[in-house]
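First comes the structure, then the notes that go with it.
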Amino acid sequence: MYRQKHLFLLPGLLVLVAIIIFPLLFTIRVSFSSWDVFQPGLDWIGGENYGRLLEDARYWGALGRLLVMAVGTVLIQYVLGFALALLVWGDLRARRFFRVLFLVPMMTTPVVMSVIWRTVFHESIGPLNGILQALGLHGLPWLSEPTLAFISVMIVEIWQWTPFMFLLLLAGLVSLPKEPYLAAKIDGAGPIRTFFAVTFPAMAGISIAAILIRLIEASKIMESVYVMTSGGPGTATETSSYYIYIRGLRDFQLGYASSLSVTYLVIMIISLTIIAKVLVRFFVKDRT
């Protein structure tokens, strides 16, 4: 009977092996080969690919841009999402309507959303520059100037994924007990003091979870970069995921792209572990 119970775990285990473990192990194996469009096959070249990526300034530049983009967008999403969650959590008219309205960007397909935003940011026919010109201002080269293109991609990411942060934080706010707020009201605490003394510390757990989940997703930014800028102008908006795509699926350097992927995975695991510990210390310190 004891052995039979474990048979029920077999389907899930097979799925785990099929979609996670085997592709990971195969990618690691390919990273030690020279598999490309000219020499397809699992030969063995040792650590040549890893030595090559250590000297690949374009890869490390893409990783640095990803760090700035991911951390910047997630922090802004957290602030905006928390503000919106507090807004509809309170006594707001038609708050059910606004709860649904704020989720609309997250329901949009990323590729379709990126195409729409690319039209919005278009220098000649885009409505954004049309509004600026109507106000007596000059239109801006949103997608052809490096800094503006980088900011434009961040704006799109913030617009689409702030609703996700809003949803998680609103769920946390709804689940908070009422007693601490009654005690704060009796003590004469105002809204700001109540927020920093009661709400923010009580939301520590959900805040950490929401930030980590979004950092994991933000570290894979790809669709908006691919559709809006193709990594340009130059490499101004090129992220690690997009650079790996270029090497693997455009240049068909599968061996080298696999080494980039494995290195990227290790860096992300270490970075997110450190960030998680920092967040726990920050929120726990704030609570105490």
Nearest 10, in degrees from 0 to 90: the angle of helix 110-120 to the longest Cα principal axis of the chain is 80
Relative to the Cα centre, what is the charge dipole magnitude of the chain, using +1 at the beta carbon of each Lys and Arg, -1 at the beta carbon of each Asp and Glu, and rounding to the nearest 20 debye?
1120
5 Å binning of all Cα-Cα separations within the stretch 22-96, expressed as whole percents from 0 upward:
3, 12, 11, 12, 11, 10, 8, 7, 7, 6, 6, 4, 2, 0
When the chain is treated as a Gaussian network with springs between alpha carbons less than 10 Å apart, the largest mean-square fluctuation among Phe166, Phe252, Phe97 is found at Phe97
Give, rounded to the nearest 20 debye, the magnitude of the charge dipole that the stretch 207-282 has about its Cα centre when Lys and Arg contribute +1 at Cβ and Asp and Glu contribute -1 at Cβ.
260
Calculated from backbone phi, Karplus (6.51, -1.76, 1.60) coupling profile of the stretch 223-237 in Hz, x at Gly/Pro:
4, 5, 5, 4, 7, 7, 10, 6, x, x, x, x, 10, 5, 10
Determine the shape class of the stretch 1-155: with a ≥ b ≥ c the square roots of the Cα gyration tensor eigenvalues, call it rounded for a/c under 1.5, and otherwise prolate if a/b is greater than b/c, oblate otherwise.
oblate
Could you compute how much accessible surface Ile19 exposes when probed at 1.4 Å, giving the result in Å² to the nearest 10?
110
With x for Gly and Pro, the residue-by-residue ³J(HN,Hα) of the stretch 28-37, computed from phi through the Karplus equation 6.51 cos²θ - 1.76 cosθ + 1.60 at θ = phi - 60° and given in whole Hz, is 4, 5, 5, 5, 9, 10, 9, 4, 8, 5
hull vol. (C-alpha, convex hull) per residue for the stretch 68-216, Å³ -> 151
Inter-label distance for Arg93 and Phe8, nm, one decimal - labels placed 7 Å from Cα along Cα-to-Cβ:
5.4
Put Phe102, Phe8, Phe82, Phe22 in order of accessible area, largest first, 1.4 Å probe: what do you get?
Phe8, Phe22, Phe102, Phe82
To the nearest 0.05, the calculated FRET efficiency linking Val17 and Val174 through their beta-carbon distance, R0 being 45 Å, is 0.70
Separation between Cα centres of the stretch 228-288 and the stretch 60-82, rounded to whole Å:
11
If we count every other residue with Cβ under 10 angstrom of Ser241's Cβ, Lys/Arg +1 and Asp/Glu -1, where does the sum land?
-1
For the chain the mean separation of alpha carbon contacts under 8 Å (6+ apart) over residue count, i.e. relative contact order in percent, is 29
With +1 on the Cβ of every Lys and Arg and -1 on the Cβ of every Asp and Glu, the dipole magnitude of the stretch 1-125 about its Cα centre, in debye rounded to the nearest 20, is 800
By per-residue mean of other Cβ atoms within 10 Å, what is the highest-first order of 170-182, 254-266?
254-266, 170-182
Checking the stretch 218-258 for trypsin sites (Lys or Arg not before Pro) in a loop per DSSP with at most 15 other beta-carbon atoms within 10 Å yields Lys220
Along its principal axes, what span do the Cα atoms of the stretch 163-288 show, with the longest given first and each in whole Å?
67, 29, 23
Hey, any idea what the orientation-averaged projected area of the convex hull of the stretch 122-170's Cα atoms comes to, in nm²?
4.3
So I have [x] 23; [y] 16; [z] 43, and one of them is percent of Cα pairs over 32 Å apart calculated from this model. Which one is it?
[z]
Please give the calculated 222 nm ellipticity per residue for the chain, where each DSSP H segment of at least 4 residues contributes -39500 (n - 2.57) and the sum is spread over every residue; nearest 500 deg cm²/dmol?
-21000 deg cm²/dmol
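The values are calculated or read from the model by the stated rules, or taken from the named source; none is laboratory data. Bear in mind the structure is a predicted one, so any value in this text is a computation, not a measurement. Cβ: placed from backbone, ideal geometry, glycine included. Neighbour counts: every protein chain shown. Note: areas computed on protein heavy atoms with side chains; ligands, DNA, RNA excluded. Shrake-Rupley method; radii C 1.70, N 1.55, O 1.52, S 1.80 Å.
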